[in-house]
Ligand SMILES: *Cc1c(COP(=O)(O)O)cnc(C)c1O
């Protein structure tokens with residue numbers, strides 16, 4: 001059996017163990033410590049927009065702490081892109097609030113500004129109050145139409161929390177994803193652009209927000225010699241060991257971005273002649289996806305096979321692929337949530353597939369994947 005090709009494996013650059021060794025040598029094998037500060041500084045420099053980054057235990061924790069600071073609570077509504085991973089929406093429920101799902105547009109596959117506008121108007125009409133926050137997602141690394149989303153949010157005075165978990169290094173109009181909203185979440189889970197073996201960060205607009213994030217992330221201790229609490233806190237801070245991995249990963253981030261983009265180009269070249277296959281594509285030069293995962297859409301009528309045909313054949317060839325995210329408005333757990341849209345994300349889910357895209361894949365691996373599709377005809 002040939003070696004399995006995985007969807008998105010982590011790749012260590014080599015310097016990670018040096019930072020971990022330093023932590024051991026200085027006995028900083030505890031939460032917090034120099035690697036945490038170092039990693040946060042590296043991220044702030046990379047994002048290049050005078051933001052304040054707080055390293056946390058997960059991207060999901062980042063969304064949770066962002067929503068808390070936007071004042072989300074029981075009885076509130078939060079608008080969330082429907083076409084995403086459940087982690088974008090779950091923290092809304094942690095807070096006793098209700099998600100309102102908005103469909104994608106076909107250019108970027110991300111939040112449709114038109115449906116967003118309709119959703120806000122209709123929620124105000126139906127509930128008498130504005131949604132508390134808007135969560136657009138840069139899915140698979142593709143930047144959402146942030147100028148339009150920010151304009152609508154601004155028009156209604158609703159803050160934006162960007163889910164940039166998949167989009168580290170992506171840019172919209174030359175500006176990094178994760179720097180548009182009041183807050184943004186990043187993820188360093190095992191299969192993301194970089195990993196800390198599990199972790200995330202909240203990108204904050206002010207130092208005060210960053211301090212409040214750290215306060216909530218470390219059990220919300222009041223200033224007192226004893227343990228005193230006037231708020232409910234969380235244990236969400238990143239450890240000094242994980243941050244050491246993150247510092248090492250920052251040294252190879254640019255290489256990872258370049259390689260994932262190269263892999264995307266290679267797939268396009270190899271599959272150019274296959275009818276009925278199209279790609280998630282930067283709609284114009286304003287968009288610069290990191291191409292975290294290369295995603296294709298299969299039109300069965302033209303291709304003569306379905307995305308499930310591809311997936312099952314890949315599996316028999318020991319290659320991991322994955323259907324696109326199932327939209328939240330179609331998930332049993334969010335059954336009774338409001339949805340504004342058409343069938344855009346549903347169609348993407350039905351016909352879309354993520355191809356192996358990790359930075360450790362060789363050109364030969366990519367050719368092996370493409371051959372499976374080419375030979376299906
Ligand atoms: C991975 C991911 C998250 C959650 O990040 P974790 O670090 O796994 O908690 C949130 N949103 C999206 C779109 C993601 O892909």
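The values are calculated or read from the model by the stated rules, or taken from the named source; none is laboratory data. Owing to the predicted nature of the structure, the values given are computational and were not obtained by experimental measurement. Quick reminder, even Gly has a Cβ in these numbers, built from the backbone with ideal geometry, and neighbours come from all protein chains shown.
Structure above, values below:
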| quantity | calculated |
| --- | --- |
| Selection status of residue 258, surrounded by fewer than 18 Cβ atoms within 10 Å (Cβ to Cβ), at pLDDT 95 or above and not assigned by TED's automatic domain parsing to the domain that holds residue 164 | yes |
| Answer from 62, 125, 89 - the residue that is touching a helix residue (DSSP H, G or I) at 6+ places or on another chain (Cβ under 7 Å) and either crowded, with 24+ Cβ neighbours inside 10 Å or over 30 Å from residue 217 (Cβ atoms) (or both) | 89 |
| Check on residue 243, within 23 Å of residue 49 (Cβ to Cβ), within 16 Å of the ligand (Cβ to nearest atom) and part of a strand (DSSP E or B) | no |
| Criterion violated by residue 330 - all others in (1) farther than 23 Å from residue 5 by Cβ; (2) buried (at least 17 other Cβ atoms within 10 Å of the Cβ) satisfied | (2) |
| Some residue of the range 74-82 being touching a strand residue (DSSP E or B) at 6+ places or on another chain (Cβ under 6 Å), in a helix (DSSP H, G or I), within 16 Å of the ligand (Cβ to nearest atom) and closer than 20 Å to residue 185 by Cα | no |
| Selection status of residue 40, surrounded by fewer than 18 Cβ atoms within 10 Å (Cβ to Cβ), within 24 Å of residue 292 (Cβ to Cβ), touching a strand residue (DSSP E or B) at 6+ places or on another chain (Cβ under 7 Å) and outside the structural domain of residue 295 (by TED's automatic domain parsing) | no |
| So residue 9, is it in the same structural domain as residue 116 (by TED's automatic domain parsing) and either crowded, with 23+ Cβ neighbours inside 10 Å or at pLDDT below 95 (or both) | no |
| The listed residue being assigned by TED's automatic domain parsing to the domain that holds residue 172 and touching a strand residue (DSSP E or B) at 6+ places or on another chain (Cβ under 8 Å), out of 276, 246 | 246 |
| Any hit, the range 292-314, residues being over 30 Å from residue 2 (Cα atoms), touching a residue at least 40 places away in the same chain (Cβ under 8 Å) and in contact with a strand residue (DSSP E or B) (Cβ under 8 Å, 6 or more places away or on another chain) | no |
| Top-ranked residue in the range 301-329 [being in contact with a helix residue (DSSP H, G or I) (Cβ under 7 Å, 6 or more places away or on another chain) and in a helix (DSSP H, G or I); ranked as farthest from residue 282 (Cα to Cα)] | 313 |
| Tally of residues being more than 11 Å from residue 132 (Cβ to Cβ) and either in a helix (DSSP H, G or I) or in contact (Cβ under 8 Å) with a residue 24 or more places away in the chain (or both) across the range 83-98 | 11 |
| Complete set of residues in the range 56-71 that are part of a loop (DSSP other than H, G, I, E, B), within 16 Å of residue 185 (Cα to Cα) and more than 16 Å from the ligand (Cβ to nearest atom) | 70 |
| Selection within the range 130-148 - surrounded by fewer than 24 Cβ atoms within 10 Å (Cβ to Cβ) and either within 11 Å of the ligand (Cβ to nearest atom) or without any contact (Cβ under 8 Å) to a residue 40 or more places away in the chain (or both) | 130, 147, 148 |
| Conditions (1) exposed (fewer than 13 other Cβ atoms within 10 Å of the Cβ); (2) under 18 Å from the mean Cα position of the chain (by Cα): number failed by residue 3 | (2) |
| Out of 169, 190, 157, 198, sole residue that is more than 11 Å from the chain's Cα centre (by Cα), closer than 19 Å to residue 255 by Cα and surrounded by fewer than 21 Cβ atoms within 10 Å (Cβ to Cβ) | 190 |
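Let's see how each residue does on (1) within 16 Å of the ligand (Cβ to nearest atom); (2) closer than 20 Å to residue 163 by Cβ:
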residue	(1), (2)
25	no, no
28	no, no
38	no, no
43	yes, yes
47	no, yes
